[in-house]
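Structure first, then comments.
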C-alpha cells in the first residue's frame, strides 16, 4: 500500500477524490439553482424566500470551496468547468422557477441528490480512515437533513 503525505492510502483517496469531484459538480448546479430561484422568486413568500435562498447560496458557495480544497488536499485536481459540472450532474436543473412551492421543491430535490452522493463519500472515507473527508461529509449531511426538514415543513409535508 502506498500512502500519501497525510498518511492515507493513495488508491482509496483517488476514489474519494473522484466522488468529491462528483459532489463538487453537483454543488455547483445546486448553487446555480439557488441563484436562479433567489433572483426569480415571486409572490407572497418573496421576502422570506428571497432571504432564505441567499442564505443557502452563500453557504453553498463556501462548501464548493471546501470540497475543492479537500480534493486538492487528497492530491487530485478539482473539476472547474461548466461542461464538467453538467456531465457529472445528478441535481435537477431549475429554469425560470418563480413560484414558491416549485422553488422550494427544486431545492429539496437538489439536496436529496447531494445527500445521496455525500453518504457514498461518507462510507468510502470511513473505509479509508480519511477523517478529514468523513468529518466534512458528516457535517454537510447533518446540516442538509435539517434544511430538507425545514423546507418540507414549508411545503406542508413531512420528511
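Throughout, read-outs are computed from the coordinates displayed, never taken from laboratory work. As the structure is a computational prediction, the values presented were derived from the model and not from experiment. So basically every Cβ, Gly included, is an ideal-geometry build from the backbone, and we count neighbours across all protein chains shown.
Taking Cα atoms, how many degrees apart are the long axis of helix 100-127 and the longest axis of the chain, rounded to 10 and kept between 0 and 90? That works out to roughly 10 degrees. Once the Cα atoms of helix 10-40 and of the chain are each reduced to a long axis, what angle between those two axes, in degrees from 0 to 90 to the nearest 10, is obtained? Value to nearest ten degrees: 10. Sorted ascending by nearby beta carbons within 10 Å, beginning with the fewest, 37, 64 become 64, 37. The relative contact order of the chain comes to 28 percent, based on Cα pairs under 8 Å that sit 6 or more residues apart. Peptides 42-49, 107-114, 143-150, 128-135 ranked from most to least packed, by the mean per-residue count of other Cβ atoms within 10 Å: 107-114, 128-135, 143-150, 42-49. The shape of the range 73-139 comes out oblate: with a ≥ b ≥ c from the C-alpha gyration tensor, a/c is at least 1.5 while a/b does not beat b/c.
Centre-to-centre separation between the Cα atoms of the range 73-98 and those of the range 103-125: 13 Å.
Axis angle, to the nearest 10 degrees, between helix 46-73 and the longest C-alpha principal axis of the chain: 10 degrees.
Can you give the percent of C-alpha pairs in the range 10-154 whose distance is more than 26 Å? Numbers along the way, then the final one.
Values: 2492 of 10440 pairs.
The proportion of pairs with Cα distances above 26 Å equals 24 percent.
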